[in-house]
Structure formats: C-alpha cells, structure tokens
Amino acid sequence: MIEPFFWWTDEQKEVAKKVSQFVEDNFEEAEEYFWNSKFPWPLVRKVADEGYFGVGVPREYGGMGLGATGSCIVAEQLGRLYAVGHVFTVSMLAGTEQILRFGTEKQKEKWLHKIAKGNELGALCITEPFAGSDAANIFTTAEKDGDEWVINGKKRFITGAGVSDRYFIYAKTNEDPSIRKQYGHLTSFMVEKGRPGFTLEKINPLIGFDNVPNGYIDFENVRIPDENRIGTVGKGWNVMMAGLNFERLIGATVFGGLFEDIVSLLFYYTKRRVQFNRATIQFPGIQNEIADIITKAKLARLFSYHCAKLLDDGKEPMIEASIAKMVNTEFVREVGIKAIQVLGGDGLTRFLPVERILRESKIGEIAAGTTEVQKMIIYRFSSMLPMYNKHIRLRWNDEVNAPIISKRESKFKGLDVNEENILKVIAHDYKVNPGIYMTIDDIKEDIGGSRSTIGKILESLEKQKLVVSHRDRSGKMVLVKATYLGLKKAFPKEYYQWFPEWYDDSDKF
Ligand SMILES: Cc1cc2nc3c(=O)[nH]c(=O)nc-3n(C[C@H](O)[C@H](O)[C@H](O)COP(=O)(O)OP(=O)(O)OC[C@H]3O[C@@H](n4cnc5c(N)ncnc54)[C@H](O)[C@@H]3O)c2cc1C
C-alpha cells in the first residue's frame, strides 16, 4: 500500500494505487525469476502492457504525462520487483528527458512513443573503462562520414546490456584540447541493436544484480544515420547534465519501496520469534531499531518527492537530486544491516529478502554517480548559494564585553588608512577572532579606503613581519593575520586580555 503525499494530483494518486496493486499481484513471480536467475521478460512485458514505461512521457507522445512525480511513484513500486525495477528505470532514463529537451520534433515522435510503449527496452551508456566518476573522459569516438556517423569504442557497466534494443550513448566528436576544456567534445546518439559492428562484450557477475543484466558493449565502425544524433554536435555534456537530475532521483526512488517491505517483514517476523520467553518485538532494542528504520524510510521518501515536485515545477534541483540519491541509497544499506540484525541468523539466508536488499543497496551507492560524487555536487553547488553566503562579522561589544555577531560599524571606520591603523584593525581582529585570518574586504569594511591602497600597506606590513598572508595559486594576497610582533606593536598586552566574571583576580597573571 503506497502512502500518497497531499500535493500529488488525483491521477498520480490513482497510478500509485494501481502500480502498488500490480506489484502485490506479481511479487511471487518476480521472486521466482530471482531464484531461477532468469531475466523476467514476461513481467517486463506486463509492465509495458500497463503503460508504466510511459509514465513520465507526455501524453502527446503516447505516455501518461505524470512527470517526475509519476515516474518516482512507479519506480518506487517496481523497485520491489527487483530486476523489473532496474530495467524499467534505465529504459526510461535512456532518452526520455534528453529527447524531450534536446530532440527534434521528428525524434520525439519516433523515440518517445517507443519509450512509452516499453516493448523495446533502452539502456543508458555513459561509463567506459576510462570514464567512471570522471564522465567527461569518454574515449568512444563518433566521426562524421557523409550523412552518417561512424562509432568506435566501448561502454561498460551498462544496465540492460543485451536485453535492450536501443542504447543512448555519448561519444567524443572533437579532439581539440581547448574544446575539451569547455566540455564541447561530446555528442549524444541513439544506437539500435542489430547495427553491424555493434556487439555485446561481457555480462558482469555483480554483487546485488543477480538476474539484472549489466555489461560491456563494443562498437567497431558502427554506422548510424545523422538523424540518430540527439542534440547539437558538441552539446553532449549539456544533454548528459540535463538528464542527470532526473536520473539520480529515479536511481534513488527505485530503492524507496524496499523500505516498506523491510518494515512489514520485521513486524511479521519479530511478532513470531520467541526468545527468553518473549516475542522479540517486545525487546526495547528491537523496537528502537524498527523505529529507526521507519524514520529513515519516511525521511528518504519525503525528500525524494520534494525533489520530484521541484523537477515538475521546472526547477533544476541539482543539490536536491544528489541528496535524494545519497540519502536513499545510504539509508537502504543502513536499514538492510539493521534489519538483518533484528532477524538474527535468518536474516542472512536467501530465504528472506533482506540479504538481497543489503547487497542491492551497495549498487545504489555507486551507480548513477557515487556517494562521493553526490557530496561533491552538494558542496560545490551549495557553496554558491546566497543563503549560505550571508555576511557574518563578529565585533567587539563593549556593553557585554564580548565578541558578538553584529551589523554595527567598526570603531576604526573613518580613521586614516595608513600602516598604523591597518595594523590596529588586524590586531583588533585577533581579539575578536583569534583563530582566523581577515580578507582584504573585511579590512576595507572596517576602516574604508581602496583595495589597492590597503593591498600596498599590507605588502609593506608583511615585509616588516607584522602580518602574515595567505596567497592564492597566482600569488595574490587573499587573507592576512597579525603576527605576535604585529599584535605587540598595535596594542599593549592588556588590550587582548579577557576573563569571565567568575574568574578570581588572584589567579590572573
Ligand atoms: C550495478 C551498476 C549499474 C550501472 N549502470 C550503469 C548504466 O546503466 N550506464 C552507465 O553509463 N553506467 C552505469 N554504471 C556505472 C556507474 O555510473 C559508475 O560505476 C560510477 O559512476 C562510478 O564510476 P567507477 O565505477 O568507474 O568508479 P571510479 O570513478 O573509479 O571511482 C572509484 C572511487 O573513487 C571515488 N572518486 C572518484 N572521483 C572522485 C573525486 N573527484 N573525489 C572523491 N572521490 C572520488 C569514487 O567515489 C569511488 O569511491 C553502473 C554501475 C554499477 C555498479
């Protein structure tokens, strides 16, 4: 049973009910394919018949038009059917968003209908032996020859390799290092199975992907028409980036439905397992673990659908998509480990689905960008946000005799901008912020004057060993701090002393 959020549309709520029932009805069959290590073709066809592959495809191209939120709802549920969820996910990711944003009308007509129908699976092909986290380092080339492109190279770790009919790939179309620097070296293409020279190289035996095909593909002089090029030549990086937020979000939610199954299993099992003459669910430690799992499940889910709403509202939730990906996949791993502990030895057997969920969760932390890469994105993009870059200044407040965050003007404002006063500003800052340096702009804010005048004075103070500086790679002074000699020259010792009121005078020296 899927718990809807209040902002979902009636259609999204309806599809949630239907897909949840679909999963309940087909759960056993999915388990059988898992146990037999067989790709669940008949189940995949049932998913296609229900029209779920088109959940995010607009109606005019044969889809349901339920956006990122609808795609998450379906991915969350189908993820409970293991291999089905993973191929559903990549098939949708292999072109939907990219073609919608960068395809011509003709390409939309051609490919989006196919994606929506789901009778042909798709694979998304970025990764290569040389290009993992560094996704721009693609070695596969595409060379123009008349009206065709000739592709040579390899892709690896491709989910749906072999079983898919269409492969959304990125290839290098320019070798010029200056173009490479601006990420203008890549172009995206759709390559169909069956083209001469396009072969399957290897299927990976992967932890956690027991009956999900994932492998290497090889291109040897594979010819495709120019109409299979998606987006402008040299704009492949933009196409890749445009698809990534959606990809990360779906890569997160496909694990979301597993939480619900774990919790249900834990309640079922611990009510029936008796130790020390009590059902294990009665042990407070077990209850705490279950509470922790439910908390994680609800937090991860809330964040995923928040991110989906941002996407549906036309935003580019780079930070949120990375957080959703990281939180969901880390939580599934943590929850898997906790659940096994709650179940004891039975949790380690293949007979209960928890050990599988735990193995699968590790994939989530690597595929579609590792957790470390998500953290890089979260950090880099957040560091540019105005909300995290508020101007904070601690200033000495004589009334409370302490440094406090203040918007007041500095007491040095308006003094002559000379060596003596600049040194005083910097030395005073030691009293307020003993551990940190000042920027040139901090000094300018405190005393006034121009950056260049302040810069010259600081160079001179540094030569006299009254301040030390921290410089950037080009040698430009960016931070300064008074030396002990500078502090001594600016103010008497007593200026820097400070003791709490309770501190006994007799202990001061
Ligand atoms: C099951 C599975 C399914 C996949 N499906 C697909 C698919 O369908 N299509 C596709 O194109 N790819 C797919 N991938 C590939 C996946 O996207 C890559 O594995 C992933 O991006 C990491 O690349 P890598 O494995 O080469 O690791 P590497 O990039 O070699 O990373 C190794 C380690 O170094 C760390 N690292 C790398 N760079 C940095 C850095 N700058 N700072 C800090 N740490 C760093 C990583 O976080 C990681 O811990 C799949 C992978 C798996 C395992």
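Defining a contact as two alpha carbons under 8 Å apart and six or more residues distant in sequence, what relative contact order in percent does the stretch 398-481 show? Please report the intermediate quantities before stating the final value.
Values: 89 pairs, mean separation 25.7, N = 84.
Relative contact order comes out at 31 percent.
Would you mind getting me the FRET efficiency between Glu32 and Thr232? Use the beta-carbon distance for r and R0 = 56 Å, nearest 0.05. Show your work: numbers first, answer last.
On the way: r = 47 Å, r/R0 = 0.83.
Efficiency, rounded to the nearest 0.05: 0.75.
In percent, how large is the relative contact order of the stretch 68-125, given Cα pairs closer than 8 Å and 6 or more residues apart?
Working: 40 pairs, mean separation 19.9, N = 58.
The value is 34 percent.
Tally Lys/Arg at +1 and Asp/Glu at -1 over every other residue whose Cβ is under 11 Å from the Cβ of Cys125; what's the total? Please report the intermediate quantities before stating the final value.
Values: positive: Lys154, Lys155, Arg156, Arg166; negative: Glu128.
Local charge sum for Cys125: +3.
Show which aspartates and glutamates lie in cross-link reach of Lys465 when reach means a straight Cα distance below 16 angstrom and same-chain residues fewer than eight apart are skipped.
Glu419, Glu420
Could you tell me how far the Cα centroid of the stretch 448-507 sits from the Cα centroid of the stretch 41-67, in Å?
66 Å
Between Asp346 and Lys181, what is the spin-label point distance in nm, taking each point 7 Å from the Cα along the Cα→C-beta axis?
Label-label distance for Asp346 and Lys181, simple model: 6.4 nm.
Counting alpha carbon pairs within less than 8 Å and at least 6 residues apart, what relative contact order, in whole percent, applies to the stretch 356-453?
20 percent
Quick check on the chain: helices-only [θ] at 222 nm, where DSSP H runs of length 4 and up contribute -39,500 (n - 2.57) each and the sum goes over total residues. Nearest 500, please. Walk me through the numbers before you get to the answer.
Numbers: 18 runs with 232 residues, N = 509.
Value at 222 nm, helices only, nearest 500: -14500 deg cm²/dmol.
For the stretch 259-324 and the stretch 387-436, what is the separation of their C-alpha centers, rounded to whole Å?
With the stretch 259-324 and the stretch 387-436 each reduced to a Cα centre, they are spaced 48 Å.
Which whole-Hz couplings ³J(HN,Hα) result when phi for each residue of the stretch 344-358 is put into the Karplus expression 6.51 cos²θ - 1.76 cosθ + 1.60, θ = phi - 60°, listed in order with x for Gly and Pro?
Couplings: x, x, 4, x, 7, 7, 6, 6, 9, x, 5, 4, 5, 4, 5 Hz.
Going down the table (Lys431/Lys488; Lys411/Lys444; Lys17/Lys362; Lys424/Lys488; Lys117/Lys235), which pairs top 18 Å between alpha carbons?
Numbers: Lys431/Lys488 12 Å; Lys411/Lys444 13 Å; Lys17/Lys362 29 Å; Lys424/Lys488 10 Å; Lys117/Lys235 28 Å.
The answer is Lys17/Lys362; Lys117/Lys235.
Test of understanding: what is the full-extension gain from Glu105 to Lys315, defined as 0.36 nm times their sequence separation minus their Cα-Cα distance? Provide the component values of the computation, followed by the final result.
Numbers: separation 210, 0.36 × 210 = 75.60 nm, distance 2.30 nm.
Net length gain for the segment: 73.3 nm.
Just so you know, all these numbers are worked out from the coordinates, no wet-lab data involved. These numbers come from a predicted model, not from an experiment. Ideal geometry is used to build each Cβ from the backbone, glycine not excepted, and the neighbour counts take in all protein chains shown.
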